[in-house]
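Please read the structure below before turning to the comments.
The values are calculated or read from the model by the stated rules, or taken from the named source; none is laboratory data. Everything quoted here is computed from the prediction, not taken from an experiment. Virtual Cβ from ideal backbone geometry, glycine too; neighbours counted across all protein chains shown. All accessible areas refer to the heavy atoms of the entire protein, side chains included, with ligands and DNA or RNA removed. Shrake-Rupley method; radii C 1.70, N 1.55, O 1.52, S 1.80 Å.
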Amino acid sequence: MQKPLIYKICGALGIIGCVMVIASDFIGIAVHEEHDPISDTISMLAIGKYGWIQDRGLDLLALGYFALAVGLYSWKRKGTKWIISLIILVVISIDLVMIAEHNQYAGRPGYTGYNIHIELVYLLAGLFLILTILISFDLKQVRPFLKRFSLWIASLWLIFAPFLPLIPDDLDGAYERLICTLLVVWPAVLSYHLTKFSD
């Protein structure tokens with residue numbers, strides 16, 4: 001398969017994943033009659049009768065992150081920072097799947113298993129910060145704008161994400177969704193530019 005085609009396929013999958021996770025949130029809110037997006041977190045959508053909707057959205061976002069890693073690896077296969085960044089992309093995709101597939105059981109009546117949801121979320125938070133900083137050094141080879149963009153995302157994440165546990169319960173749903181837009185905007189922009197790559 002020619003590289004330009006790989007770039008377009010992987011970029012398209014990345015964009016689709018970002019779009020679908022947003023769509024799953026809106027659909028989940030619509031079908032969960034008691035869900036308040038202002039006070040209820042995203043994770044609460046993944047519990048109950050319609051929890052599979054949010055789970056599939058996270059799975060597709062994970063696919064998008066993985067596809068982005070594959071596309072970027074096809075473009076460049078050397079450089080310590082670059083390879084570590086691509087590995088982190090893959091680990092984030094695995095982490096997202098684990099968050100989705102594990103959380104569908106957590107909180108259900110009769111469930112007694114260990115809930116690793118918080119640990120997985122903290123892992124995601126740390127990896128995303130490292131990724132957006134580390135990969136920025138090589139993104140300047142694509143477009144100088146992408147280096148600045150990635151560092152801006154990292155800065156916003158570093159400033160706002162640590163405050164999530166401190167947000168009052170009646171606002172934490174809205175605050176979490178605001179922060180999580182960074183997890184979607186960053187891969188969406190990179191995926192779009194990946195579709196424009198050429199040999």
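Points to keep in mind about this one:
- Inter-label distance, nm, simple model (7 Å from Cα along the C-beta direction), Leu5/Ile94: 3.0 nm
- Rounded to the nearest 10 degrees, the angle from helix 51-75 to the longest Cα principal axis of the chain is 10 degrees.
- Pairwise Lys count, the chain - Cα closer than 26 Å, eight or more residues apart or different chains: 23
- When the alpha carbon coordinates of region 1-48 are projected onto the principal axes, the ranges are 49, 18, 15 Å, largest first.
- Length added when fully stretched, Tyr192-Phe145, from 0.36 nm per residue minus Cα-Cα: 15.6 nm
- A simple rule links phi to the HN-Hα coupling: the Karplus curve 6.51 cos²θ - 1.76 cosθ + 1.60 with θ = phi - 60°, which for region 168-182 gives x, 4, 7, 10, 5, x, 5, 5, 4, 5, 4, 5, 5, 4, 5 Hz, with x for Gly and Pro.
- Using R0 = 45 Å, the C-beta based FRET efficiency linking Leu158 and Ala30 works out to 0.85.
- Simple label model, 7 Å out from Cα along Cβ direction - Ile118 to Ile38, nm: 2.7 nm
- Evaluated on the chain, the Kirkwood hydrodynamic radius is 17.3 Å, with distances taken between all distinct Cα atoms.
- With all protein chains in place and a 1.4 Å probe, the accessible surface of the chain carries 71 percent carbon and sulfur.
- For region 24-81 versus region 124-182, the spacing of their alpha-carbon centroids is 16 Å.
- Here each label is just a point 7 Å from Cα along the line to Cβ, and for Leu166 and Trp52 those points are 4.1 nm apart.
- Computed 3J(HN,Hα) for region 119-130, one whole-Hz value per residue from the Karplus formula 6.51 cos²θ - 1.76 cosθ + 1.60 where θ = phi - 60°, is 4, 5, 5, 5, 4, 4, 4, x, 5, 5, 5, 4, glycine and proline marked x.
- Solvent exposure of region 112-199, expressed per residue, is 55 Å² of accessible area, with all protein chains present and a 1.4 angstrom probe.
- 3J(HN,Hα) along region 84-90: 4, 4, 5, 5, 5, 4, 5 Hz, from the Karplus curve 6.51 cos²θ - 1.76 cosθ + 1.60 with θ = phi - 60°, whole Hz, x for Gly and Pro.
- Ellipticity at 222 nm from helices only: DSSP H runs of n ≥ 4 in the chain, each -39500 (n - 2.57), divided by the residue count, give -24000 deg cm²/dmol.
- Charge-dipole axis of region 1-108 as Lys and Arg at +1 and Asp and Glu at -1 on Cβ define it, positive-most pick from Gly64, Leu5, Pro37: Leu5
- Charge dipole of the chain (Cα centre as origin; +1 on each Lys and Arg Cβ, -1 on each Asp and Glu Cβ, all else neutral): 1460 debye, rounded to the nearest 20.
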